[in-house]
């Protein structure tokens, strides 16, 4: 019985780790397809469209201090010149993109 319990715990842990890794990959893919054209691959906003729209770099203190809920709301509803993505991305995709943005802030 102990071996079965250990095996079940290992399976659950592996599944959780795989889900997190998949979410990071999915967030990166969605970011590249929908966000990078304005926000740049590195989140700097250093693209022609980003410069024209005055995209704030994700590494700026004002963005870093925002909560995930704030970033999710801005993505869903739009902010400034950024369009709303609520009709274009699922809630899960938006959450994954925000998680990916957080990885860009650490680079």
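Computed from the coordinates by the stated procedures, all read-outs in this text should not be read as laboratory data. Bear in mind that the values here come from a model prediction, so they are computed numbers and not experimental data. Please note: Cβ atoms are built from the backbone with ideal geometry, for glycine as well, and neighbour counts cover all protein chains shown.
Under the Kirkwood approximation for Rh and a Cα-based Rg, what ratio Rg/Rh is obtained for region 61-107? Provide the component values of the computation, followed by the final result.
Values: Rg = 10.5 Å, Rh = 10.9 Å.
Looking at region 61-107, the ratio lands at 0.96.
Modelled label-to-label distance, residue 84 and residue 32, 7 Å Cα→beta-carbon offset: nm?
Computed distance between label sites residue 84 and residue 32 equals 3.0 nm.
Let me know the volume per residue of the alpha-carbon convex hull for region 25-105, in Å³. Let's see the in-between values first.
Numbers: hull volume 6.3 nm³, N = 81.
Hull volume over Cα atoms, normalised by residue count, gives 78 Å³.
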